[in-house]
Amino acid sequence: MTNPMDQPEYGIVWVTAPRRTEAEAIAEALVESGLAACVSLTPIHSIYTWRGEINKEEEWQLTIKTDLRQFARLESTVKSLHSYEVPEIIAVPIIAGHTPYLNWISESVVRD
Amino acid sequence: MTNPMDQPEYGIVWVTAPRRTEAEAIAEALVESGLAACVSLTPIHSIYTWRGEINKEEEWQLTIKTDLRQFARLESTVKSLHSYEVPEIIAVPIIAGHTPYLNWISESVVRD
Amino acid sequence: MTNPMDQPEYGIVWVTAPRRTEAEAIAEALVESGLAACVSLTPIHSIYTWRGEINKEEEWQLTIKTDLRQFARLESTVKSLHSYEVPEIIAVPIIAGHTPYLNWISESVVRD
């Protein structure tokens, strides 16, 4: 993230949550507080190791479209509402987009 | 997108559409016209603000594998078939891949 | 991938597989061998061209969270377990994340 702070840094953030209700609560909090323009939810089956054991869980994935200049605040909001000790919160860069949609992200997300 | 025009710029483009029929029509148009190598469809639950109100919708997400040098034409085709005023069309870069698969994207996508 | 080899290169790798059993076998092999920290599975509908014909298939998508310095070994493991001649294996960069989660990826993924 080397852009100057006056340019949007459009990105997608993925978060996983254990239940649909928790996923929806996080999604609504992010959209209502202007930390995301849009969040979509999908059920997923997860496979991972935790303390040396293979685990399989049914979870929900949040796909969050936002301006990554607000990543720290988004991360903090997710952490405060999430029931996991170590929630997955990861971001990838948007390098091209439909300009009116990118503008809509900018207008929907708060600025400092 | 700073690559010279003679090198592929592999990427994933995400589009959301309100109905499966519309999502399929867009997917088929992109694949038939050589603007995408492969499109996958998934049902999603979306949460966003529009004119100050929280909205929740059932939608379909298109995950499009392509050469981003054709992004402008892909964007134009999606826009022409899409029922939204401001459709979501966003792209992220592929930075590594199975070479035969990347070559297949190159062969499937048209060149100028 | 220009990072020095002593810094993690966090990324998401997407793979598609024809059946849930095959997708699960690949996911478990990657997690058990320390080539991925976490894999999630989702059913998808795919549309693509193959030898000039439009094809539609029901498939499973694997979303793999890993350190991309192990991409070559991950690719080789997927290829060895996958029934397709040309499997989709593509990676995008993680440019921001919740530090404890990124650390967990580092601890879960093997080093050379």
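Which residues, counting only those in region A:40-49, are over 19 Å from residue C:44 (Cα atoms) and either aromatic (Phe, Trp, Tyr) or surrounded by 23 or more Cβ atoms within 10 Å (Cβ to Cβ) (or both)? Across region A:40-49, the qualifying residue is only A:48. Take residue C:83 and tell me if it is more than 18 Å from residue A:14 (Cβ to Cβ), surrounded by fewer than 21 Cβ atoms within 10 Å (Cβ to Cβ) and at pLDDT below 95. So residue C:83 passes the test. Going by what's in this entry, would residue C:14 be described as more than 19 Å from residue B:96 (Cβ to Cβ), buried (at least 16 other Cβ atoms within 10 Å of the Cβ) and within 14 Å of chain A (Cβ to nearest Cβ)? No; evaluated as a whole, the condition is false for this residue.
Under the condition of being surrounded by 24 or more Cβ atoms within 10 Å (Cβ to Cβ) and in contact with a Phe, Trp or Tyr (Cβ under 8 Å, 6 or more places away or on another chain), which residue from region B:17-30 is farthest from the other protein chains (Cβ to nearest Cβ)? Looking at the filtered set, the residue picked out is B:17. Restricting the search to region C:91-112, which residues are hydrophobic (A, V, I, L, M, F, W, C), out of contact with any helix residue (DSSP H, G or I) (no Cβ under 7 Å at 6 or more places or on another chain) and within 30 Å of residue C:47 (Cβ to Cβ)? Once the filter is applied, which keeps residues that are hydrophobic (A, V, I, L, M, F, W, C), out of contact with any helix residue (DSSP H, G or I) (no Cβ under 7 Å at 6 or more places or on another chain) and within 30 Å of residue C:47 (Cβ to Cβ), region C:91-112 yields C:92, C:94, C:95. If you check C:21, C:2, C:42 for being modelled with pLDDT of 95 or more and out of contact with any Ser or Thr (no Cβ under 9 Å at 6 or more places or on another chain), only one passes: C:21.
Regarding region A:83-90, can at least one residue be identified that is over 18 Å from residue B:55 (Cβ atoms), facing chain B (nearest Cβ under 9 Å), over 15 Å from the mean Cα position of the chain (by Cα) and of a type outside the set (Ser, Thr, Tyr)? Looking through region A:83-90, none of the residues is over 18 Å from residue B:55 (Cβ atoms), facing chain B (nearest Cβ under 9 Å), over 15 Å from the mean Cα position of the chain (by Cα) and of a type outside the set (Ser, Thr, Tyr). Looking at (1) farther than 14 Å from residue C:35 by Cα; (2) under 13 Å from the mean Cα position of the chain (by Cα); (3) at the interface with another protein chain (Cβ under 7 Å from one of its Cβ atoms); (4) surrounded by 21 or more Cβ atoms within 10 Å (Cβ to Cβ), which one does residue C:60 not meet, given that it meets all the others? Of (1) farther than 14 Å from residue C:35 by Cα; (2) under 13 Å from the mean Cα position of the chain (by Cα); (3) at the interface with another protein chain (Cβ under 7 Å from one of its Cβ atoms); (4) surrounded by 21 or more Cβ atoms within 10 Å (Cβ to Cβ), only one is false for residue C:60: (3).
The values are calculated or read from the model by the stated rules, or taken from the named source; none is laboratory data. Please read these numbers as outputs of a predicted model, since none were measured by experiment. With ideal geometry, Cβ positions are generated from the backbone for all residues, glycine too; neighbour counts draw on all protein chains shown.
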